[in-house]
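Remarks on the structure that follows.
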Amino acid sequence: MNSQRKITILGAGHVGSHCAMALAAGAVCEEIVLVDALPEKAAAQALDVADALSFPPRPVTVRAGTLADCADADILVVAIGKPRLPGQTRLDLLADSVRSLQELTAQLRPMGVKGLVISITNPADIVADYLRRGLGLPRSRVFGTGTLLDTARLIRIFSEESGLARSSISAFSMGEHGDSSMVPFSQVRLGGLPFEAYPNLSRERILERTRRAGMDVIEAKGSTEFGISQALASLCGSILADEKRVLPLSVELQGEYGQTGVHCGVPCRVGRQGIEEIVVLPLTAQEQQQLDASCQVIRSHIESGLEIAPLP
Ligand SMILES: NC(=O)c1ccc[n+]([C@@H]2O[C@H](COP(=O)([O-])OP(=O)(O)OC[C@H]3O[C@@H](n4cnc5c(N)ncnc54)[C@H](O)[C@@H]3O)[C@@H](O)[C@H]2O)c1
């Protein structure tokens, strides 16, 4: 790795282009490369982002590239695919996503991807698992944003409902980045106090608002892009600075939380080498059951994905 840190984004659509913009505006790295099945679209998105960097000036190069730019990137972000349509769940995107990834991993694997791979494409946990298997890389290097966006939404909603600043709220959304996600309320701290110290807050309402947030945006504007791109830029920034932050990411569990061989959103300590540790929170029996149920949803869809698009 040289001092010119490079992030390549595969998929220059709503999500990929906003990720490029958030990374560039935050000067998270020195080089950003956009790669898309439509090269002219990637070129146009790169130009548009590059224009934004004159006021104020940012020392970042943004350009379009090819698949070869995936191999030597410090971080490869996978944001291909289609946004959900109103009424669709993320799981409805499964067949489309794994078929694209089958071809993509066959092209990328022989190139030898050297950096970390962060996947955003939905259904997020199943795609992260498929990419890790397809690229033949360890779990520390291939993971998904998982419930990072759900956690951003959860913190916003806690803030709105409690009146506390977001920075005074500690909470995670865990499990599937999808309808079966769960919140371990026993671990929530609102201004240092447990959830029970706020009797006016309703668990059901907070869960429902968190799960529904993505579809509310999609129904009105067609895709979500700002929240996920800021989450991604913040994640990449803390990785490249080796900050060792604990963030909820979709990683393959190998016995943690009593689960094996399934990707799901759990708090992880993340650093320059990727996932360094999975933080195992002391869940209540009911929270463990909710996480188990979410893992079961993911596991069955991982199996379906591998049947639809088998890996060699
Ligand atoms: N994980 C999250 O929190 C989160 C949040 C928002 C969106 N998403 C997901 O991100 C994905 C992208 O959404 P979007 O709104 O940007 O879609 P989009 O249609 O705007 O963009 C997708 C882009 O990927 C490109 N593409 C498709 N297949 C490709 C391939 N094989 N190689 C290279 N490029 C390819 C398309 O040409 C297009 O430009 C979807 O799966 C969406 O559900 C995830």
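Bear in mind that the values in this text are calculations on the coordinates, not laboratory data. Nothing here was measured: the structure is a model prediction, and the numbers come from that model. Quick reminder, even Gly has a Cβ in these numbers, built from the backbone with ideal geometry, and neighbours come from all protein chains shown.
Listing for the model above:
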{"read-out": "Tilt relative to the chain, helix 124-135 - C-alpha long axis, 0 to 90 degrees, to 10", "value": "40"}
{"read-out": "Degrees, to the nearest 10: 94-108 long Cα axis against longest axis of the chain", "value": "40"}
{"read-out": "Relative contact order of region 18-66, defined on C-alpha pairs under 8 angstrom at six or more residues apart (%)", "value": "48"}
{"read-out": "Those lysines that a straight Cα-Cα span of less than 19 Å connects to residue 82, excepting residues fewer than 8 apart in one chain", "value": "41, 221"}
{"read-out": "Length-normalised contact order of the chain in % [C-alpha pairs under 8 Å, at least 6 apart]", "value": "19"}
{"read-out": "Ranked 188, 279, criterion: other C-beta atoms within 10 Å, fewest first", "value": "279, 188"}
{"read-out": "Region 1-84: C-alpha gyration tensor shape, a/c 1.5 cut-off, then a/b vs b/c", "value": "oblate"}
{"read-out": "Rel. contact order, % - alpha carbon contacts under 8 angstrom, at least six apart, region 228-312", "value": "23"}
{"read-out": "Using alpha-carbon coordinates, inclination of helix 148-162 to the longest axis of the chain, degrees", "value": "40"}
{"read-out": "Expected 222 nm ellipticity per residue - DSSP helices of 4 or more, -39500 (n - 2.57), all of the chain, to 500", "value": "-13500 deg cm²/dmol"}
{"read-out": "Sites residue 273 and residue 164 - FRET efficiency at Förster radius 41 Å, r taken between beta-carbons, to 0.05", "value": "0.75"}
{"read-out": "Packing rank of 297-307, 84-94, 173-183, where each peptide gets the mean count of other beta carbons within 10 Å, highest leading", "value": "173-183, 297-307, 84-94"}
{"read-out": "Local electrostatic count at residue 51 - Lys and Arg +1, Asp and Glu -1, tallied over other residues with Cβ under 14 Å", "value": "+1"}
